[in-house]
Amino acid sequence: MLTSAQNQGVPAQAPAPPASITTVGPDGKPQTLTIPRSREEVRELMAQREELGDQLSNVAARRRNLAQEISTTGNDAIRAGLESRLALLL
């Protein structure tokens with residue numbers, strides 16, 4: 001029969017908290033970012049960064065196209081509709 005005396009005197013070690021940094025976000029509030037611990041976590045972050053970059057490029061292209069359409073249209077009703085669409089992308 002095993003007794004718990006073998007584990008006495010050896011404190012259980014808690015897992016180390018993830019390394020992180022805290023910085024001030026654009027809204028002035030503190031923002032804590034966890035530092036990746038593995039290559040897989042780095043790859044995931046890089047994939048997220050690429051996706052966000054693609055989304056930003058897409059929105060910028062849509063804004064340019066709408067601005068060009070606004071500058072070339074002569075119809076006030078169409079212009080107002082295009083301007084409202086552009087406002088959603090700002």
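If you put +1 on each Lys and Arg Cβ and -1 on each Asp and Glu Cβ, how big is the dipole of the range 36-90 around its Cα centre, in Debye rounded to 20?
Numbers: 9 positive and 9 negative charges, 20 e Å.
Charge dipole of the range 36-90: 100 debye, to the nearest 20.
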task: Using label points projected 7 Å from each Cα along Cα→Cβ, tell me how many nm separate L88 and L52, to one decimal.
output: 2.4 nm
statement: Checking Q31, Q13, Q48 against a Gaussian network model of the chain (alpha-carbon springs below 10 Å), the top fluctuating residue turns out to be Q13
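Which loop trypsin sites (Lys or Arg not before Pro) in the range 11-90, with loop taken from DSSP, have no more than 15 other Cβ atoms within 10 angstrom of their Cβ? Let's see the in-between values first.
Details: sites: R37, R39, R43, R49, R62, R63, R64, R79, R85; in loops: R37.
Counting only loop positions with at most 15 other Cβ atoms within 10 Å, the trypsin sites (Lys or Arg not before Pro) in the range 11-90 are R37.
How many Å³ per residue does the convex hull of the Cα positions in the chain occupy? Mind showing how you got there, number by number?
Working: hull volume 17.4 nm³, N = 90.
So the per-residue Cα hull volume is 193 Å³.
Just so you know, all these numbers are worked out from the coordinates, no wet-lab data involved. This is a predicted model, so every value here is computed, not measured. Using ideal geometry, Cβ is built from the backbone for each residue, glycine included, and neighbour counts are taken over all protein chains shown.
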